[in-house]
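Have a look at the structure below, then the notes.
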Amino acid sequence: MPSVTRWSSFLNQIRSFSTAAQDRGLEIQFGYYKPKLKKLIKAIVAQQLYGTNAYEQVLNEGDEMIEKVKELSRLENDELVD
C-alpha cells in the first residue's frame with residue numbers, strides 16, 4: 001500500500017528531524033505546533049481516504065475567513081430566493 005508507506009516515511013522524517021536537531025543541541029518544542037500538526041495529519045489521512053476535496057475541507061475547518069465567505073454566500077443566496 002503506497003499510502004501506508006508514505007505515512008511511515010513521513011513519521012520517520014519527523015523522528016529524524018527531531019533527532020538531528022537534538023544532536024545539534026537544539027530543542028524543538030512540538031507542543032506549540034501540536035494543534036496545527038494534528039490538523040495537518042488529519043487532512044493528510046482524509047486526502048488518502050477521500051481525496052483532495054476532503055483534504056481542503058479539513059484544512060479549512062475553523063478558518064475565520066472561509067467561514068465569513070460561507071456566511072456571505074448564504075446571505076446572498078437567501079436574498080436571491082426572496
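Points worth noting:
- Search result, residues across the stretch 12-34 that are acidic (Asp, Glu) and modelled with pLDDT of 85 or more: Asp23
- The test for being within 23 Å of Arg6 (Cβ to Cβ), in a helix (DSSP H, G or I), of a type in the set (A, V, I, L, M) and at pLDDT below 90 holds for Leu37.
- Checklist (1) exposed (fewer than 10 other Cβ atoms within 10 Å of the Cβ); (2) in a helix (DSSP H, G or I) applied to Lys42, failing item: (1)
- Residues of the stretch 46-82 that turn out to be free of Cβ contacts under 8 Å to residues at least 24 places away in the same chain, closer than 28 Å to Gln13 by Cα and in a helix (DSSP H, G or I), as a count: 13
The values are calculated or read from the model by the stated rules, or taken from the named source; none is laboratory data. Since the model is a prediction, treat every value here as computed from it, not as a measurement. Note that each Cβ is placed from the backbone with ideal geometry, even for glycine, and that neighbours are counted across all protein chains shown.
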